[in-house]
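Since every read-out is calculated from the coordinates, none of them should be taken as a lab result. Keep in mind that this is a model prediction, so the values were computed, not measured. All Cβ positions, glycine included, derive from the backbone under ideal geometry; neighbour counts span all protein chains shown.
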Amino acid sequence: MSGRALVAGALLATLAWASPMSAWAASAEVEELKQQVRILQQRVEEMERREKTREAAPATAPVAPGGALATTPGAAVTTGAEVAVTGEASAVKNRGAVRDEQQAAPRPGDLTLDPQYRGFTRIPNTSVLIKFNAKPRTDVTFDTENAGDDNRFITAKIPVTGQDDKGGDPRFNINAKGSQLRIDVRAPEIGGKPRFYYENDFYGSGGGEFPYRIRHLYGQYYNIIVGQTFSIFEDPDVWPDTVDYEGPNSAIFARRPLIRYLQPLGKEWQLNFGLEQPESEVDLTGQPDEAKAINNAPDGGMNARWERDGVGHVQLATILRSISVDDSSEGRQSKLGWGFNASGVFDTWGNDSLQAQATYGHGLFRYSNDDFFNNDAGFDSDGNLETIPYLGLMLGYTHHWSERFRSAVSGGYVNIDNTASQEGDAYHETVYASANLIFQYHKRLSVGVEALYGHKESNDGSDGDVARITAALVYTIFD
């Protein structure tokens, strides 16, 4: 019998009992009994409403130890009776590369590589989620001769014929400079989808074994990004899965203090606009001692991206720069630097993928991964400033042999058209090649071995070749 039937029965019984008593009971007492019955009925109705609400409410996931947001496969994260939190999955696939640049990339709104927010913890009494992730790693390298850098494979530093440090004995090295600390703070339930991201490693310019370096530190709100992160000219999703921490010579790699705005255009398209910190890198060979490169305008650019789940993505980016020098033989001079970068990642068979990138422009060397010398601009035979043409090509392919084993091959080519003022040992051309085998020992532990080859040619035709075998062990707290 329902609660309402019980109340109705009680009401009738009470009234029937009250009628014969009316001869001797005061009417005030009868009214008091009626009032108590009405109160009882209201309480029963409220209990029924609460019971129906509990039956209709969805089950919530348990809270993990330490307050972490517990998850089950295919379920959204929750804390106790709180509403589940899910982001919108990006069409870009998380390839889980050893050198992972994808996690740090800004994306529109609450687009994320992991809509379940695994590893995030809710800050108590807020709508903010936070994730701490440490990625310690150790790199072991063996070079056939002096490669120019014992820690990373940098084709720009390969010694060439005629240099005193070319050749020499084989070299062995162990370093952990690529270890990282990451902090990701998100609030997908709040309007504007705010995000804060921080990341550092230990390839700074200071002394000691672990010179601190900030890689990323930026905030995002209503798709406006401020702080330091990837240049508008870069595609962080296109990086091949290399074991070596440096990666291909021709990759566009630039982290800048900047202001960016992301504008989604439907589900598959987006536009990105940005202004970035400038830095004119001019080869001042043949100029007076007081000559210096100056910055008189920000670098500015945009990119357009197309993304589709199960297919991949394509990005076309452009950049404009003002490259200037003061107190040169011709006084203050400025030239326009410009460039285009076309990149894409395409899903092929199973979890395999193809990565490709082509870059061309004038005054672009600062955006190249091989940027260790001043090659944005130089001077012609009359002392006039001119930008240096740049061509960069990159190709990579990742194949999964099984759930635990995968391999990646990649190659890169860079060529710059040197100016008349540049000396014979100036950087002219480099070639990069790599092939590896990566064992995913555990979802949080990767072990990789890679063979690398590099070739460098200088402006005067001098060249050098180096081969390296490198191994890396990378651990991450959260997968």
Sequence-distant residues sharing a close amide H with Ser250 (under 5 Å, placed H): Tyr413
Pair Phe346, Asn459: separation of 7 Å Cα→Cβ label points (nm): 3.9 nm
Proximal lysines to Lys93, defined as alpha-carbon separation beneath 25 angstrom and excluding residues fewer than eight positions away on the same chain: Lys131, Lys135, Lys193, Lys267, Lys443
Spin-label zone in region 163-184 - amide nitrogen under 20 Å from a point set 7 Å from the Cα of Asp425 along the C-beta vector: 163-169
Formal net charge of residues neighbouring Gln440 (Cβ-Cβ distance under 9 Å; K, R +1; D, E -1): +2
Spread of Cα-to-Cα distances over 5 Å intervals beginning at zero, given as percent, for region 328-404: 3, 13, 18, 15, 12, 10, 8, 7, 5, 4, 3, 2, 0
Low-density loop cleavage sites - GluC sites (Glu not before Pro) in region 323-419, where at most 15 other Cβ are within 10 Å (DSSP): Glu330, Glu403
Set of lysines near Lys456 by C-alpha distance (under 27 Å), chain-local residues within fewer than 8 positions excluded: Lys157, Lys166, Lys177
³J(HN,Hα), Karplus 6.51/-1.76/1.60, whole Hz, each residue of region 346-356, x for Gly, Pro: 10, 6, 10, 10, x, 9, 6, 8, 10, 10, 9
Förster radius 41 Å - calculated FRET efficiency between Val311 and Val449, Cβ distance, rounded to 0.05: 0.85
Positive-end extreme of charge dipole, region 334-479 - chosen from Thr476, Asn384, Asn369 (charges on Cβ): Thr476
Eligible lysines near Lys292 by straight Cα distance, threshold 20 Å, same-chain separation 8 or greater: Lys335
Built amide H within the under 5 Å cut-off of Asp352, gap 5+: His400
